Structure formats: structure tokens, C-alpha cells
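A quick write-up on the structure given underneath.
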Amino acid sequence: MRAFEMPPHARMSLTQQLLMRALLSRFWQKPYLPGRLKRWGTELHDRFMLPWFVWQDFQDVIAELEDFGYPVEADWFAPHFEFKFPRYGDFAARGAQIELRAALEPWHVMGEEGAPGGTARYVDSSVERLQVRATGLVGDRMVLTCNGRPIPLAPTGNVGEYVAGVRYRAWQPPSALHPTIGVHSPLVFDLVDTWMNRSLGGAQYHVSHPGGRAAEDFPVNAYAAEGRRLARFFKIGHTPGRVDTRPEERNPNFPFTLDLRR
């Protein structure tokens, strides 16, 4: 149970415990003995960091439990999904709809450093990741960019629907990996028309308050936290004038993610 994050509500905790008990019962009666395990490699830190692929994989687990005789529904865990992957905002331009959500990002534990009273091991929490989900794109004409760089959108199997991840440095701590790489915020997203070489529309996402203010207290509930999060997203601020996009090769080890640090 230590591997599970504590939910913020008692009913969410009960649903999580129900899933655990159903899986234990299923594996107790029929152990999982595949002929060969899948070696995912770097996809564990690329594909399965994005909410879209996490939810697809979770639906496969629920479908297997249903086939075994346990009437568990994936919709019961929609609050878990929204809590773990909150929506930052969305914008639309020329029939295309772009949605931004939080994604997973592992944080590295640094080496031991001297601190008052002993030693400390810092955690580099300065790097974050978000998911970009686009629908209604014209594949050979529209290109979605972040801070001027094309995002490596991957098709989901649905016509005109694509997803990708964007990894960026959110803030500059005193102890972190790659200390010479600065902060990438605000993130400017543009839906570029490559035929006309201009931005059809876009949005901006700020990691902190765009005016430089800092909250004096913690959010009292989920609505207050959502309000602060939505206040950092603007459906304006796309790149004006002529926009020339350079083709950028996908990272073979992380084909689903645009890493702004590279």
C-alpha cells in the first residue's frame, strides 16, 4: 500500500482498496504467468508518463477484471484521474482543439551535501511535464509548437487526435541537475499554419503567478487550487507575425516527449 498515493477523500480511498482486493483475488485464483514479459525500456519514462496512455493501460486492467467476473468500472476512478492529472486549460483555433494536462515526471535524488547540523540529500523537483492533446488537426498543414519548437505529436488511433509530452524546467533551485539550464516558463503554445507561415492561435501557461505574486496560504479546498491553476493559463499571447518552424528529429529514446532542456 505504500506505493499508492493517499487519496484526498474517503470514498476515493475505498475505491482504491476495492481495486487492490479485486486484483489480489484475481491473481490468487489465476496467477499472471505470461510466456514472456514485455521489456518497455525508456518507454516507462516516456509513454507511460502521459495521462492518455496511463488511462488506456488502466482500462485494460479493468477489462481483465470484468472478464474474470469482478464488476469493476473504470468510471469509478475518474476522480483519481482528475486529481492526479489536473487540466491546465484548452484553446481552439481553426477547428482544432488543444488541451493541456499535468503529466508525471520522476524527480531525481541528488547526492549528499553539507547542511546545518549534518548532511542533506536534495530532490531535484524543478523539472515538470505536461501532456498536450490535440484533436481536429490537419496533419500535413498544422504544427503545434512550444516556445518555438515543434511538439512530437503521436497519433492515438482516432482520426485527427494526437498526444505528446513537454518536459520543462519550472523553477531554478540552488541544487539541481543541469544547473546552467534556465527556467522555460512561460510556455507559449502556437498552432502554426505551415502553408501560410503564421500562428493560427495559441495560449500561455505560467508555472507561477504571472504577476510575480506568491500565495500566502495553502488552498483551502480543491476549488481554490483549481482557481489558482486556471489563473496561470491564458488563451492569448501566441506568437505574432511570420512564424518559421524548423523540422526537429524525434529523440529515439523518448519519441513522445519534447524536452526543452535539450
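The values are calculated or read from the model by the stated rules, or taken from the named source; none is laboratory data. Quantities reported herein were computed from a predicted structural model and do not represent experimental measurements. For the accessible areas, the whole protein counts, side chains as well, though only heavy atoms, and no ligand, DNA or RNA atoms are used. Shrake-Rupley method; radii C 1.70, N 1.55, O 1.52, S 1.80 Å.
The residues of the chain have, on average, 62 Å² of accessible surface per residue, using a 1.4 Å probe with all protein chains present.
Rounded to the nearest 10 square angstrom, residue 153 shows an accessible area of 30 square angstrom against a 1.4 Å probe. Per-residue accessible area (protein heavy atoms, 1.4 Å probe) orders 161, 66, 128 as 66, 128, 161, starting from the largest. Atom-type composition of the exposed protein surface of the chain places 55 percent of the accessible area on carbon and sulfur (1.4 angstrom probe). Residue 125 sits with roughly 30 Å² accessible to a 1.4 Å probe, with DNA, RNA and ligands left out of the calculation.
In the complete set of protein chains, residue-level accessible area for residue 233 is approximately 20 Å², probe 1.4 angstrom. Most fluctuating residue of 47, 36, 26 in a GNM of the chain with Cα springs under 10 Å: which is it? Maximum fluctuation in the GNM of the chain, among the listed residues, is at 36. Looking at the chain, do any whole DSSP H helices span at least 20 angstrom along their long axis by alpha carbon and average 0.0 or above on Kyte-Doolittle, and which? What comes out of the filter, once short or polar helices are dropped, is 10-29. The alpha carbon gyration tensor of region 7-121 gives principal lengths a ≥ b ≥ c with a/c of 1.5 or higher and a/b no greater than b/c, which makes the shape oblate. Taking 168, 70, 205 in turn, the Gaussian network model of the chain (Cα-Cα springs below 10 Å) assigns the largest fluctuation to 70.
Taking 14, 104, 65 in turn, the Gaussian network model of the chain (Cα-Cα springs below 10 Å) assigns the largest fluctuation to 14.
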